[in-house]
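Scroll down for the structure; my scribbles are underneath it.
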Amino acid sequence: MRGWKLVLGYLNRYRWPLAGGIAALLVSNAAILTIPELFARGMKAIEEPFNRGDPVDVGRVGHFALLALGVAVLSATGNFFKRYLIVGTSRRVEADMRRDLFRHIEKLPLHYYDQTRTGDLLSRATADIEAVRMAIGPSIMYLADAVLKSVGVLVLMLVINAELTLWALSPLVGIAIGLIFFAPRIQRASRAVQDGVAAISARTQESFAGGRVVRTFATEDFENAELDLLGREYLDRNVALARVRGATTAWTAFMGATAAALTLFVGGRQIIDGEFTISRLIQFNSYQAILIWPMIAFGWVLALIQRGRAGLERIQEIMSLDLEADDGTVDAPRRGHVEVRDLTFAYGDEPVLRDIAFDLPAGRTLGIVGATGSGKSTIVSLLTRLYDPPRGTMRIDGTDVHDLTLDRLRRAVTIVPQEAFLFSATLRENILHGRPDATDAQLDAAVEDARLAADLPQLPDGLDTVVGERGVTLSGGQKQRATLARALISDAPILVLDDSLSAVDSETETAILHNLRRVREGRTAIIVAHRISALRDADHILLLRDGHIAEQGTHDELVALDGEYARIARAQALEEEIEAIDR
């Protein structure tokens with residue numbers, strides 16, 4: 001029920017166009033119900049003179065024919081506006097719902113994305129919303145049309161012949177029983193179909209996104225087999241839905257045909273007994289023919305509503321999730337002084353960080369090094385509240401990160417991630433993503449500082465080259481330097497490099513680090529790296545082991561300590577010497 005309340009909220013925004021559509025529907029139905037009466041009068045104008053042996057007044061018959069034509073034009077006009085206004089309203093609701101769903105998904109906590117497949121989200125934002133649109137657009141239109149037609153036709157049929165009407169309506173009981181029987185089955189089958197769409201979308205998206213991995217390991221046959229299996233399951237679910245929907249339609253049509261047969265039998269006997277006339281039977285039969293469509297429509301609308309209900313349930317599952325907490329009120333930090341005190345954090349039961357503490361004054365550089373899984377990237381994620389740290393453990397400019405407005409906090413901390421992500425747009429648009437108003441001079445400076453300028457002549461259109469989905473047309477090093485340029489062009493007081501130079505060679509890394517010394521002036525910097533060379537100039541260095549700080553100090557102090565950091569430094573220095581000899 002909560003889901004339908006959500007839909008009613010959207011419909012309320014467009015209540016006037018919807019009301020106009022209902023008004024047009026009333027006009028259309030009133031017109032269409034007038035035509036059998038005009039037809040009956042025309043038939044009577046022929047029947048009565050003919051029975052008396054008098055000539056038929058052709059002009060009078062033509063008068064009724066012209067009236068019927070005019071009423072048909074009015075009905076057609078009403079039909080146009082009812083569809084335009086009601087279905088148009090459903091399209092506007094669809095757009096609003098998709099926009100709100102997208103915004104809601106964007107603000108969900110990061111752990112939700114860790115547990116949910118992208119294809120499933122795509123299915124909910126496309127197929128499920130389309131199912132809801134059908135339930136509130138065509139369904140509303142056809143249901144209102146069917147109800148109004150049914151009421152109008154029943155009143156007119158009762159006026160013409162009450163006894164015959166009761167006989168004609170007796171099969172409606174069978175239709176009602178059929179709808180009660182089929183409704184839950186349609187809903188279950190519809191939900192299964194939409195779950196199947198989500199599974200196919202998710203698998204297809206993963207296969208396309210991992211296309212290089214598939215080709216590298218020559219697993220095309222495996223991927224095809226997996227998709228074939230999902231496709232067969234989806235086919236079976238659709239066939240099951242078609243079976244129950246077909247049974248619903250067939251049952252409704254059979255009951256309609258039964259009603260027509262009863263009308264012919266009972267009405268024919270009344271004519272024989274002189275209790276009824278042929279012209280009135282024709283009029284009655286015309287109304288009954290109009291009534292058959294609502295009978296069929298009820299079954300079809302039921303299927304649409306049940307499918308929309310299933311889609312709405314899946315949408316509501318997301319819309320009911322709590323958004324990322326954003327209860328901060330303090331404006332963005334301006335200096336960039338980072339303090340961490342007694343930070344212990346766990347994704348599950350086992351802590352991944354234990355008793356982390358450091359004080360990074362504004363404008364200084366902190367280096368973090370450690371083995372994979374030691375917690376380096378977790379500190380970065382907590383700093384921007386991608387995951388929430390315990391209150392009181394992280395401060396920026398003296399303010400707890402929980403008290404900073406979330407949007408401003410993340411604008412104040414620019415992160416260059418290890419896994420470079422680029423949008424399927426031009427290289428220029430990707431670099432300007434975080435600062436669209438940057439000048440050409442600022443863009444050129446960022447490209448130069450990231451050591452990307454030398455690669456531009458190799459690209460077909462330079463900065464205007466479309467890089468493809470996830471930057472697929474660029475090398476790993478080019479993607480990392482592009483994301484670095486995107487961070488450097490921002491004006492954030494805190495710059496975080498999360499092992500973001502791992503895909504570039506040591507010579508390029510040295511040149512980039514040289515440029516970063518100048519760029520970092522006045523900025524607080526946190527450099528997470530595996531290579532000691534990236535941390536030499538840091539004002540303070542943390543070596544993490546199993547989630548806690550094992551060693552800390554400057555580069556020279558840690559080398560002099562002759563501990564784990566020193567061993568890593570010696571090993572990497574030896575590797576660099578070997579690489580230099582090989583070159």
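The values are calculated or read from the model by the stated rules, or taken from the named source; none is laboratory data. A quick note: this is a predicted structure, and the numbers were derived from the prediction, not measured. All Cβ positions, even for glycine, are placed from backbone atoms using ideal geometry, and neighbour counts span all protein chains on display. Ligands, DNA and RNA are excluded from the accessible area calculation, which covers all protein heavy atoms including side chains. Shrake-Rupley method; radii C 1.70, N 1.55, O 1.52, S 1.80 Å.
Brief remarks on what is shown
- Within the range 424-449, the residues that satisfy the criterion of being open to solvent by 50 Å² or more (accessible area, probe 1.4 Å) and over 25 Å from ILE526 (Cβ atoms) are SER424, ARG428, GLU429, PRO436, ASP437, THR439, ASP440, ALA441, ASP444.
- Hits in the range 450-480 - residues which are of a type in the set (D, E, K, R) and open to solvent by less than 30 Å² (accessible area, probe 1.4 Å): ASP455
- When residues of the range 344-369 are limited to those that are free of Cβ contacts under 8 Å to residues at least 24 places away in the same chain and of a type in the set (Gly, Ala, Ser), the one nearest to GLN552 (Cα to Cα): ALA346
- Residues that are over 28 Å from GLU564 (Cβ atoms), in contact with a Pro (Cβ under 6 Å, 6 or more places away or on another chain) and not in a strand (DSSP E or B) within the range 363-400 comprise just one, ASP397.
- When the criteria are applied in full, VAL147 fails the requirement of being part of a helix (DSSP H, G or I), out of contact with any helix residue (DSSP H, G or I) (no Cβ under 9 Å at 6 or more places or on another chain) and either at pLDDT below 85 or of a type outside the set (Ser, Thr, Tyr) (or both).
- Counted as qualifying within the range 401-494 are the helices (runs of 4 or more DSSP H) with 2 or more residues that are in contact with a Gly (Cβ under 8 Å, 6 or more places away or on another chain) and under 30 Å from LEU323 (Cβ atoms), namely 406-412, 476-488.
- Checked against (1) over 30 Å from MET319 (Cα atoms); (2) free of Cβ contacts under 8 Å to residues at least 24 places away in the same chain; (3) open to solvent by less than 70 Å² (accessible area, probe 1.4 Å), THR116 meets all criteria but (1).
- Of all residues in the range 237-280 being of a type in the set (Phe, Trp, Tyr) and part of a helix (DSSP H, G or I), the one that is surrounded by the most Cβ atoms within 10 Å (Cβ to Cβ): TRP251
- Filtered residues of the range 436-487 (kept if in contact (Cβ under 8 Å) with a residue 24 or more places away in the chain, among the polar types (S, T, N, Q) and under 24 Å from ARG410 (Cβ atoms)): GLN442, GLN480, THR483
- Remark: pairs (first residue in the range 27-55, within 12 Å of PHE284 (Cα to Cα) and assigned to a helix (DSSP H, G or I); second residue among the charged types (D, E, K, R) and at pLDDT 75 or above; Cβ separation under 8 Å; 6+ apart in sequence or on different chains) = LEU33/LYS149; ALA40/ARG280.
- Criterion (surrounded by fewer than 21 Cβ atoms within 10 Å (Cβ to Cβ), in contact (Cβ under 8 Å) with a residue 24 or more places away in the chain and among the hydroxyl-bearing types (Ser, Thr, Tyr)) met by exactly one of THR378, THR372, THR399: THR399
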